[in-house]
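Novice: Here it is, the structure in full.
Just so it is clear, none of the values below were taken in a lab; they were calculated from the coordinates. Since the structure is predicted, the reported quantities are computational estimates derived from the model, not experimental observations. Because the Cβ atoms are built from the backbone with ideal geometry, glycine has one as well, and the counts that use them run over all protein chains shown.
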Amino acid sequence: MAGHPHSVEEGAVRFVAAPVDLGGTGHYVHWGVVQLSVANLVVIGLMLVVFVAALLLPFPRGRGQGRGRG
Amino acid sequence: MSGEGAAGGGWTGALRRRATRALPPDKLLPDAQPAYMASWIYVFGVLTLAALMIVLVSGGVLALKGPAWWHVSGTGRYVNSLHLWSVELFMFFMVVHLWGKFFMAAWRGRRALTWVTGVVCFLVAIGTAFTGYLVQQNFDSQWIAGQAKDGLNSVGIGAFFNVLDFGQMLMWHILLLPFALGALTAWHVLLVRLRGIVPPIDATTPPATPPAPAATREAAG
């Protein structure tokens, strides 16, 4: 069966599952008494990236909505 | 009851007058906002609300079918995953909104209660997610409960909150904590409507009361 997905669904699952092996043992980062999973670190990193983007990216303004009411 | 007058109507009339005075319809459902609302931080607040709705609806379906449904049904597993990932997004959006409001010092201008209800929402959401992990009915939930009981017992919480009691944790997860979270969220949104969004830190503070007409004419010369 390897390399020959029987259906589109099976192929899609393999494609998505390929980058990260979710069936294996988790990876952890140890820092003294602190222990964090790599998955959680990735989520924290994503939150920081999104937060910085939310601060820096210009907010779109609609037509005729130059200034709101104060 | 006829002939109530402006002050009649008993406690229901008094409550209605107070509610409409504090939050008239145009303030409760406004169609315009200050220019400084044009910020992505508020978008994340709304996204948090949207994710919470998905969490509540998917959780309601799971409650209808029972906590073991997702172990025996493909549809159940789909709804369970929908519940999990909407919670992940809910926490994600809420944290970004919280960080933004912290750096805006959003408690300024009599908005302390708005800030506090938001922070308590965050804490209650952590408790709700925790009890959710405890009612998965698998080895993961057993492991989490086994680890958590030692920490909670060491500070005396285990006396009334037993993480090894599946029934108690299920009730906390599907009734008490969602009710608290829903009520706090509604209170938070109403407070935002009541006090308005916080102006930028460097904005000019308007005077508390407008100057008297005579003083204005004098100042104008």
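Novice: In percent, what relative contact order does segment B:37-93 have, based on Cα pairs under 8 Å that are 6 or more apart in sequence?
Specialist: Details: 42 pairs, mean separation 27.0, N = 57.
The value is 47 percent.
Novice: Where does chain B land at 222 nm, in deg cm²/dmol rounded to the nearest 500, when only DSSP H runs of n ≥ 4 count, each adding -39500 (n - 2.57), divided by all residues?
Specialist: Working: 10 runs with 149 residues, N = 221.
So the calculated ellipticity at 222 nm is -22000 deg cm²/dmol.
Novice: How large is Rg over Rh for segment B:105-197, taking Rg from the Cα atoms and Rh as the Kirkwood inverse mean of 1/r across Cα pairs? Numbers along the way, then the final one.
Specialist: Details: Rg = 16.3 Å, Rh = 14.7 Å.
So for segment B:105-197, dividing Rg by the Kirkwood Rh gives 1.11.
Novice: Same structure, new question: Filter chain B for me: DSSP H helices, axial length by Cα at least 15 angstrom, mean Kyte-Doolittle hydropathy not below 0.0. List them by residue number.
Specialist: Values: long enough: B:10-22 (18 Å, -0.92); B:40-65 (38 Å, 2.08); B:74-103 (44 Å, 0.71); B:112-134 (33 Å, 1.74); B:139-154 (23 Å, -0.62); B:177-195 (26 Å, 1.24).
The qualifying helices are B:40-65, B:74-103, B:112-134, B:177-195.
Novice: Please give the length that would be gained between B:ALA22 and B:ILE157 if that part of the chain were fully extended, namely 0.36 nm times their separation in residues minus their C-alpha to C-alpha distance (nm, one decimal).
Specialist: Numbers: separation 135, 0.36 × 135 = 48.60 nm, distance 3.94 nm.
Residue separation times 0.36 nm, minus the Cα-Cα distance, leaves 44.7 nm.
Novice: Per residue of A:42-49, how many C-beta atoms from partner chains lie within 10 Å of its own C-beta, taken as a mean?
Specialist: Numbers: counts 0, 4, 2, 0, 2, 6, 3, 0.
The mean count of partner-chain Cβ atoms within 10 Å per residue comes to 2.
Novice: Hey, fewest Cβ within 10 Å first, where do B:ASP202, A:ASP21 land in order?
Specialist: Numbers: B:ASP202 5, A:ASP21 8.
Least to most surrounded, the residues fall as B:ASP202, A:ASP21.
Novice: Ranking B:MET94, B:MET53 by Cβ neighbours within 10 Å, fewest first, what do you get? Don't jump to the answer; show the numbers that get you there.
Specialist: On the way: B:MET94 21, B:MET53 11.
Sorted ascending by nearby Cβ count, the order is B:MET53, B:MET94.
Novice: In nanometres, what is the gap between the two model label sites at A:HIS30 and B:GLN136, each 7 Å from Cα along Cα-to-Cβ?
Specialist: Between A:HIS30 and B:GLN136, the simple spin-label model gives 2.3 nm.
Novice: Related question: Could you work out how far the C-alpha centroid of segment B:20-38 sits from that of segment B:96-136, in angstrom?
Specialist: Between the Cα centres of segment B:20-38 and segment B:96-136 lies a distance of 23 Å.
Novice: What's the exposure ranking of B:THR48, B:THR185, B:THR12, going from fewest to most Cβ atoms within 10 Å? Kindly include the intermediate steps, with their values, before the conclusion.
Specialist: Details: B:THR48 24, B:THR185 18, B:THR12 8.
So the ranking, lowest neighbour count to highest, is B:THR12, B:THR185, B:THR48.
Novice: Another question about this same structure. Using a basic spin-label model with each label point 7 Å from the Cα along Cα→Cβ, how many nm lie between B:ILE126 and B:ARG108?
Specialist: 2.8
Novice: Same structure, new question: Test of understanding: in a Gaussian network model of chain B with alpha carbons linked when under 10 Å, which of B:GLY151, B:GLY100, B:GLY118 would top the mean-square fluctuation ranking?
Specialist: Judging by the Gaussian network model, the answer is B:GLY151.
Novice: Percent relative contact order of chain B, based on C-alpha pairs within less than 8 angstrom and at least six residues apart? All intermediate terms of the calculation are to be shown ahead of the outcome.
Specialist: Numbers: 157 pairs, mean separation 48.9, N = 221.
Across chain B, relative contact order equals 22 percent.
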